[in-house]
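In what follows, a single structure is set out as structure tokens and then discussed.
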Amino acid sequence: MAILRWRKQELRERFYQPSFRGMYDRFSDMVHEYVRVGDVMLDAGCGSGRVFQYGFGAGERPRLIAGVDVYAEMRGNRNVDAAARADLAALPFRDGAFDIAISSHVAEHLTRPDRVFGELGRVLRPGGVLLVLTPNRWHYVTVSSALMPHSFHVKYNRWRGVGADDIFPTVYRANTPARLRSLYERAGLHVEQLCQFETEPEYLAFSTATYAVGVGFERLVNRFDALKHLRVNLLAAGRKRG
């Protein structure tokens, strides 16, 4: 695992400039674009907090960050001020409790996305914002993932340094631009931004040759809008109607 982690970093430094904005960089940019000091923020599906940190500087942090997840590991998440263990389809919060809600790599796991998005819309105040980062169903990684049993995902991700506690079954019921837009609209939110982008091919970091192929794919699909449906990430921002 340590060898693979080192290889991934080495290959990124070899093929990309330090200014390259990766997946979590882009999500963090959007979080910082919308979050205001004094906001009450919900991290929906916050998990353990090991994978994504918000990166708020002094004077940037919301007044309160609440995390919610169905798994108990979220109680060890140091990124949040308070945590609740609950199903995202039945959130234990009053209507309009939050100014902003974020969800990173959760939508692909949802078996009832309509109910979850409806709940997220309910707990946002009028004018509140929901930010979602999730994979595109038609990317080569997600297509391959859908064809493999969950046991393979666990073994592969352990090999590349991801703990089993951060690996969950995927169903991809919210993972096309049209489907994501529909979920927002049905939850009473107007989509302000919905973009697709390819990022560095970290899944191919087991060799220079495979990584180089992935880099070529990244540069091709990011260059031509006609190929945007092949990009790996969906990043959306929607505002609750007042």
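Since every read-out is calculated from the coordinates, none of them should be taken as a lab result. Every value quoted in this text rests on a predicted model; they were computed, and no experiment measured them. Reconstructed Cβ throughout: ideal geometry from the backbone, glycine too, with neighbour counts over all protein chains shown.
Between 220, 91, 189, the GNM of the chain built on Cα springs shorter than 10 angstrom shows 220 fluctuating the most. By how many degrees, 0 to 90 and rounded to 10, does the Cα axis of helix 113-123 deviate from the longest principal axis of the chain? Helix 113-123 and the main axis of the chain meet at about 50 degrees.
Figure legend: label point modelled 7 angstrom from the Cα of residue 195 along Cα→Cβ; residues of the range 118-149 with amide N under 17 Å from it are 130-136.
Over the chain, DSSP H runs of length four or greater, each weighted -39,500 (n - 2.57), average out per residue to a 222 nm ellipticity of -10500 deg cm²/dmol. Extension gain, residue 36-residue 75: 0.36 nm per intervening residue step, less the Cα-Cα distance, totals 11.6 nm.
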